[in-house]
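Since every read-out is calculated from the coordinates, none of them should be taken as a lab result. Note that the coordinates shown come from a computational prediction; the quantities given were computed from them, not determined experimentally. Quick reminder, even Gly has a Cβ in these numbers, built from the backbone with ideal geometry, and neighbours come from all protein chains shown.
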Amino acid sequence: MPLEDLSYNFLTGNIEKLVQWARQASLWPATFGLACCAIEMMSSGAADFDLARFGMEVFRASPRQADLMIVAGRVSQKMAPVLRQVYDQMMEPKWVIAMGVCASTGGMFNNYAVVQGVDQIVPVDIYAPGCPPGPETLMHAILTLHEQIRTGEILRRRREVEKSYHQIGQSAASRIVGGAE
Amino acid sequence: MGILSGLGGFKVTFKQIFEPRVTKQYPEEKRPKPPRFHGRHVLNRYPDGMEKCIGCELCAGVCPAKCIYVRGADNDPANPTSPGERFGFVYEINFLRCIHCDMCVEACPTEAITESKMFEFSFTNREDAIYTKAELLVDQEGSARRLHWEDWRDEDEEYTSGWVRATAPSGDPAFQGVPGWSGELGFGVREPERGQSDLALEEATEQFPLRKILADRISRKLGGKVR
């Protein structure tokens, strides 16, 4: 019987919470440092900021062992298929953080050589702004992702979850615009 | 020797137990930011509540990432938004393009746009990253709007007034001692730094250069001793 057919009862509900907690507390990032953002990513793993506090100190060299891809740096058109292949090699469930403005939108490199945002290649969960984002910004992005994993649904596909988050974001934005002035 | 000889390699490890801890527990505490740190922008107001932005689009012109979009409009003479003829009707910054180079702050002739120290924010989609005037403009008291996805602390609003500007008189050696920023906003006012003031004023205000501040901070972190 597929898991989707299980009714939501006491047992499955608590197992879901347990799985979400386990997933958020043991994200293992894949090393995907491409440019200067990788330096900040490394320093967030080092003693001063210590990503081990969030259970993600091991940056896996093998995408098969990683849950989270932190795309740190600008992605050139030649790197794009490689990035997609690494993403495809990762096991489900998997998440992507676009770290820095270059990975998120292309940043100041609006030219023919740089991919204008890795969300053209892979589905991105969190965008971390900054050039490069400091370790605190990366950790803020990671904590936001933790919150998404904790409050999300474990059996839904990512695209549906993403869509619902998008609606939440829009309603929040409309609140701000309505509240100003 | 035997077993004990293997322990020699742990000498460094055991010595570290008695060293002061360097880890910053980020979500609970932030590390202090340098005085010139560039964070999220704010659009300032004059003390009477008028907007400083005059819609001249110099910031949009100088932006190397082309992340600023400004459109000016004529002020309503009966109820002006800003002093002068025009005001910033549309002001948008895409923070997923912005590289926080501070060139918009240097270009601004009225110190309308400055950068705060808040750098801890992230987005779940690209639309959220485009900040409009509703998010950027400070409130009537002059403090930045703290949006719920941003991690504001009180110290992030320190020293938000503009730093030296390219058009400032202090760019000229003849204007030594004249700060290039007005700090009219009432908060975040910066004192003159070395090279922007005469030495007597510097000693009087006990303002020290950035290098001294950082050296103090590092030695404090290490418990007063310098390695």
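Highest mean first, what order results for A:33-41, B:4-12 on Cβ atoms within 10 Å? Walk me through the numbers before you get to the answer.
Numbers: A:33-41: 19.3, B:4-12: 8.7.
Top of the packing list down: A:33-41, B:4-12.
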Exercise for the section: Would you pull out the residues with amide H under 5 Å of A:A46's amide H, same chain only if 5 or more places away, H placed 1.01 Å from N? Expected result: A:L51
Practice task
Would you kindly work out the equivalent ellipsoid of the stretch A:108-153 from its C-alpha gyration tensor and give its semi-axes, the square roots of five times the eigenvalues, largest first in whole Å?
Solution key: 24, 16, 5
Exercise for the section: Kindly write out, for the stretch B:129-138 in residue order, the coupling ³J(HN,Hα) from the Karplus curve 6.51 cos²θ - 1.76 cosθ + 1.60 (θ = phi - 60°), rounded to whole Hz, with x marking Gly and Pro. Expected result: 6, 8, 8, 9, 4, 4, 8, 7, 5, 6
Practice task
Considering Cα pairs under 8 angstrom that are at least six residues apart, work out the relative contact order of the stretch B:100-150 and quote it in whole percent.
Solution key: 28
Fill in the blank from the handout: The long-range amide H neighbours of A:V96, using H built 1.01 Å from N in the peptide plane and a cut-off of under 5 Å, are A:M69, A:D125, A:I126
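Over the whole of B:23-30, what's the average partner chain Cβ count within 10 Å per residue? Rounded to a whole number, please. Provide the component values of the computation, followed by the final result.
On the way: counts 7, 7, 3, 16, 6, 0, 0, 2.
The mean count of partner-chain Cβ atoms within 10 Å per residue comes to 5.
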Exercise for the section: Return P(r) of the stretch B:1-94 (all Cα-Cα pairs; 10 Å bins starting at 0; whole %; ordered from short to long distances). Expected result: 12, 24, 18, 13, 10, 9, 8, 5, 1, 0
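Other chains' Cβ within 10 Å of B:94-105 residues: what's the mean? Show your work: numbers first, answer last.
On the way: counts 5, 6, 14, 12, 7, 9, 5, 2, 0, 0, 0, 0.
Per residue, the average neighbour count from other chains is 5.
What do the square roots of 5 times the Cα gyration tensor eigenvalues come to for the stretch B:59-151, in whole Å, largest first, as semi-axes of the equivalent ellipsoid? Show your work: numbers first, answer last.
Details: eigenvalues 108, 52, 33 Å².
The three semi-axes for the stretch B:59-151 are 23, 16, 13 Å.
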Exercise for the section: Give the long-range amide H neighbours of B:N75: residues separated by 5 or more places, or on another chain, with amide H under 5 Å away, using H modelled in the peptide plane at 1.01 Å from N. Expected result: B:R86, B:F87
Problem - Value of relative contact order over the stretch B:1-109, rounded to a whole percent, pairs C-alpha under 8 Å and six or more apart - result: 23
Handout entry: Per-residue HN-Hα couplings for the stretch A:68-77 [Karplus 6.51, -1.76, 1.60; θ = phi - 60°; Hz; x = Gly/Pro]
Key = 10, 9, 9, 7, 10, x, 6, 9, 7, 4
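At a threshold of 8 angstrom on Cα-Cα distance, excluding pairs fewer than six apart, so keeping six or more, what relative contact order does the stretch B:46-120 reach in percent?
Numbers: 118 pairs, mean separation 26.3, N = 75.
Here the relative contact order equals 35 percent.
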